[in-house]
Every structure is written in C-alpha cells, then in structure tokens.
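Working notes for the structure below.
The values are calculated or read from the model by the stated rules, or taken from the named source; none is laboratory data. Please read all numbers here as calculations on a predicted model, not as lab measurements. All Cβ positions, glycine included, derive from the backbone under ideal geometry; neighbour counts span all protein chains shown.
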Amino acid sequence: MIVPADSSFLDRAAEIIRSGGLVAIPTETVYGLGADALNPAACARIFAAKKRPFFDPLIVHISDIEMLKTVVSSVPEKAQRLMDLFWPGPLTFVLPRSAAVPDIATSGLPTVAVRMPAHPAAREIIRRSGTPIAAPSANPFGYISPTTAAHVEAQLGDDVDLIIDGGSCSVGVESTIVSFQESVIRLLRPGGISREDLESAVGEIFTDISSDEAIHAPGMLDSHYAPKARLVLISEDDPVTPSFNSALLSFRKPVQDGFKASEVLSVSGDLSEAAVNLFAAMRRLDESGAEIIYAHRVPEHGLGDAVMNRLRKAAAQRITH
C-alpha cells in the first residue's frame, strides 16, 4: 500500500520496522526496502523479498552521527572529513562493524556499509524507529532500481508491508561507496557523489579492487540494474537501424523515429540530469516490450561515472539464482 510521507504514516512505518516488517522508504538516491538492521530475522525478509543472494551485503542507514556509534567500531580521520562534508547525502562508507550488527546484514564480513540519507522522510523513519535501517533498493535483485513509489509497488507489491511515497528521487542513482584500509581509500562503486568531489577533499582515491574487497559492498556484481530486454551500449555516432523490436536510450540527441520507444536522458548534456532520469527511462523502455535497448554511452566524469557503471552492469549477461 502506497501512503504519503505525513507524520501519522511515518509513525506507522516506524512501528512496522520495530516489529520486524518491511517498509519501502524514499531516499534521494533510489527507494530502499527497509528493515531493522539489528534484527537478523527482519534482514532475512529483505533477502527473501528481493530474491537477493546472501553473499551481497546490505547498506545500513542511520539518522544521525550518534547512531553511527551503534554500527561501526571506528572511523578513520579521512572518513570523518568526508562525513562532515557530504552527510546527509549519497555517500556510503565501508567501515569496521560493531558487535551489534548481525552477520546477515554484512554477509559475514568484518565491515559494514553505512550511510546517512539526505531525504528527510528517510531520516525521520529511522529516528522514529529508534534503530538503524538496512535498505537496499526496493526491487527484485539485479533489476532496474526504483525511483518512485509506483515503481516499488509494480515490482514488489504485497512483499512490502508499507510503501512511503516521498516523491521522485532527486539524485536517481545509488550512493557512492568508499572503503578505507589503513591510508588507502578505494572507490568501490561510483554514485551520487563524484570521485572528483571526494578527491578534492581527501586526495587520491584508488579504483583498483583487491580480491578481498570484491563483494564488500552492494552493486559490485558484474550484472546488475538490468531491464528484461537486452541492453547494448553504443556510441552516439554509431549507426543503428531503428526497428519495431528495438528501443533507444539516447544521452542527448533528439528522439529518432522508427524505434518502438525512445528516451533522452538530457537534451543539454547535463550528467546530473542524466543520472536523475536514468532508471525511470530504462524502465519505460523496458515496459514498451522492445526486445533490445540501444543505450548511448555518456562522458565518464562527474556523475557520468555512475551512469556508465549502471549501464555497463545492465548490459552484462544477467546472473540467475
């Protein structure tokens, strides 16, 4: 059931979280499927509803810095600097976990992924619940992430106890994820905060992923964020013959005739606008019934890194479980 983000329904959402239920919550990135992060049985419901493999850890969401102490055992100085600059916001930290966080939330890893969302309804639900909330994207595992309450209802329906409608997501792609090992900071997933912005604050950030970090954070599998149709990446200048069985996801070029459906991410070439529009546009093209979606590559800087990360994973061969 979709309900507005008013005070009475935020209280109801908090009651459901405390009782071990599932609530779809709005964030600035995408809608999350929320449950009490400290309740193993509630976390298990997330994995069951999403059909998510247990080796893929969850992101734990907090309402304030005081709550951070509940889920992590230490915070490096550079991590604290980034928190001061970018929280609340679309930035997730992989840090040493506290004993309070159950193994199921971290896939048995000694670290936990944690962030403070910028959406006021999300933070208010966490605050009223009185517990950190684990909240991966509110969609079946591996498919297009939801950026509206209606997207959640269409894909998860009765598997969710309540859906809080907080409007369309203002960022539109998931959070950036960084890890800290001694003096080395690594970018595990590009997202709503650009690498350039992070490096301006703390210096060089590495993108090479060591073997023990391969699945330390969500969204790191080769195949993810995928439509049902086959997605093929092309350059804007690549010749493509339109057909009734194909659709086009254009970066900035005007819509072409002859395709079953087409979408433009940003006529002006604005990468932030492209990120906001990405998942909703992919979803509409997939719902058109096209068998193949051609997607233009975008410049890989700023939020273009995050857009291309999602497009590459959507184009990869889907993993089935």
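A few notes on this one:
- Evaluation of residue 75 against the conditions (1) assigned to a loop (DSSP other than H, G, I, E, B); (2) under 18 Å from the mean Cα position of the chain (by Cα); (3) more than 17 Å from residue 188 (Cα to Cα) shows that the sole unmet condition is (2).
- Region 229-269, residues that are part of a loop (DSSP other than H, G, I, E, B) and in contact (Cβ under 8 Å) with a residue 60 or more places away in the chain: 229, 235, 236
- When restricted to residues that are in contact (Cβ under 8 Å) with a residue 24 or more places away in the chain and either on the phi > 0 side of the Ramachandran plot or touching a strand residue (DSSP E or B) at 6+ places or on another chain (Cβ under 6 Å) (or both), region 63-86 contains 5.
- Test result for residue 113, outside the structural domain of residue 272 (by TED's automatic domain parsing), modelled with pLDDT of 95 or more and part of a helix (DSSP H, G or I): no
- Matching residues in region 78-103 - criterion: being part of a loop (DSSP other than H, G, I, E, B) and either modelled with pLDDT under 95 or over 18 Å from residue 185 (Cα atoms) (or both): 88, 89, 98, 99, 100, 101, 102
- Each residue in region 194-229 was checked for being farther than 18 Å from residue 181 by Cα, of a type in the set (A, V, I, L, M) and at pLDDT 95 or above, and 1 pass.
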